[in-house]
Structure formats: C-alpha cells, structure tokens
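Below is one structure, written out as structure tokens; comments come after it.
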C-alpha cells in the first residue's frame, strides 16, 4: 500500500432505509439521479469518485477549495430537485470533508483520513456540509461561503474529539475581530441583510445554471432567445410595456412541452 495526502469527500442519504421501505423503485431512481448529478460535478471540479455502497459515496479531490465548492454545488442542485417533490419523497444528503493522510490500494482509499470524513458527514444536518479544521484553514478565505465553528465533537467513546466547522452556504466570513467577539459571546451573529439577499440570489442562480447545463441544445437555445428578447425590451423600452412576451411565447411553449415529455418518460 502507498500513502498520500488527499481531500476526502463522504456523503450519504438521510433516512434512506425508511424511504426504501416506503418506495423501493422510486427511491432507487432518485438515488441514481442524484448520483449522476454528483458524478457530473465531481468531473467539473477534478474530483474522483472512489467508491459507493448503499446510499453512501466517497470521492477524493486534489484541491481542498474545489472539494468544498463541489459540495456546495451538489447541495444546491439536489435542493433544487427536491423542491419539486412532495416532502415524503425528498432525498437529502449529508456531506463531510476532511484533508488527511490515507492509504491507497487498487484505487480505493483507507485510513484515519477517510474515517474522519465519515464521522464529519454523520455530524452534518440533512442538506448540510461539515468540514474538518484542516479543510477550514485552506478554504475559508478562498470561497464565498461562511464557516461556523461547531465545536469539538466526540463521535465515539474513547476517541479524541474532532474540531468541526459547519459550512454556511452563500454567507461570507466576518472579519477576525468580529469572529473573536462572537466567540466570546458564545453566539453566532446573524449575517447582515445584504449578505442574506446575496445568498438567496447566488443559490437561485446556481440552481438555474445547474438546470441549464443539464438541458439539451434546443432547450438552451430557447432559453437564450427568451433572455435576448427580454434584454432588448429593457434596453429600448420600459418593462411596463413587456412586448418581449409575444416573440418569446413559442420558445416558452417548447420548453414546457419538453418538460412535460421528460416527466412522462421519468
């Protein structure tokens, strides 16, 4: 066996066993769909899927920053998919990320670096991301997300506690002096109103981008034509006179027809 330093990504589905008991075929279909989303984002961020078993996924990344960025995009994309489903059919994943030393054997990875990522994943909330202190040190100044210190968590009796950080998607970190003040007060200060609005905008834009990337060429062309007519309307007329609706109507109809057809095939 060889050893190396890598960023380990662990994810599993919350309440997967209960969902399988209610609807095996539907749950398996959603699991496959969400794994396809993960695979596409792993490739975009130069990650490698190492293994899967049951509802769990392990991947590794050469870059700590890209691993966290990929995890955020995965949660955004899965959240967008879940919003169109009844609550009892929604599948949410917990994600843990650790930078650590691992052993490699025939493409698989083992060791404390993997175990730590798995324990962090178990601490995360459904739809959330938990990272180790080593990941935080590399990533917290490079990404447009916030990190809240979740304390030192002891996951198993007799094991040393793990310092953990919860990823706050879309919120920026406060200056160092403010972080110390918050730590002294024992509370996390709420992000300012502007940060919250920007977080919502980023999340909506990311969901649109993920949806757009998954569409075929004709649907993407239709979306771009609608955007083109809308931009012309804004540049040369008032939005109070929304004439762009009329030339956009055939493209909107085509997108709706394709969506209806996809739902029937699904």
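Only the coordinates and a few stated rules stand behind these numbers; no lab work does. Note that the coordinates shown come from a computational prediction; the quantities given were computed from them, not determined experimentally. Please note: Cβ atoms are built from the backbone with ideal geometry, for glycine as well, and neighbour counts cover all protein chains shown.
In the range 216-265, the inverse of the mean reciprocal separation of distinct Cα atoms equals 11.6 Å; this is its Kirkwood hydrodynamic radius. In this structure, residue 62 and residue 232 have a Cβ-Cβ separation that, at R0 = 41 Å, corresponds to a calculated FRET efficiency of about 0.40.
Projection of the Cα convex hull of the range 6-135, averaged over all directions and equal to a quarter of that hull's surface, yields 7.4 nm². Applying 0.36 nm per residue to the separation of residue 2 and residue 245 and subtracting their alpha-carbon distance, the gain on full extension is 81.4 nm. With each label point set 7 Å from Cα along the Cα-Cβ vector, what nm distance links residue 204 and residue 112? The answer from the label model is 4.7 nm.
FRET efficiency for the residue 33 to residue 125 pair, using the beta carbon distance and R₀ = 22 Å, is estimated at 0.50. Extent of the range 13-87 along its three principal axes (Cα atoms, max minus min coordinate, largest first): 39, 25, 16 Å.
Taking label positions 7 Å along the Cα-Cβ direction at both residue 211 and residue 104, the computed distance is 4.0 nm, reported to one decimal. With a simple spin-label model that places each label point 7 Å from the Cα along the Cα-to-Cβ direction, the separation between residue 225 and residue 49 comes to 3.5 nm. The tail of the calculated P(r) for the range 82-135, taken as Cα-Cα distances beyond 16 Å, holds 52 percent of the pairs. FRET efficiency for the residue 255 to residue 15 pair, using the beta carbon distance and R₀ = 35 Å, is estimated at 0.55.
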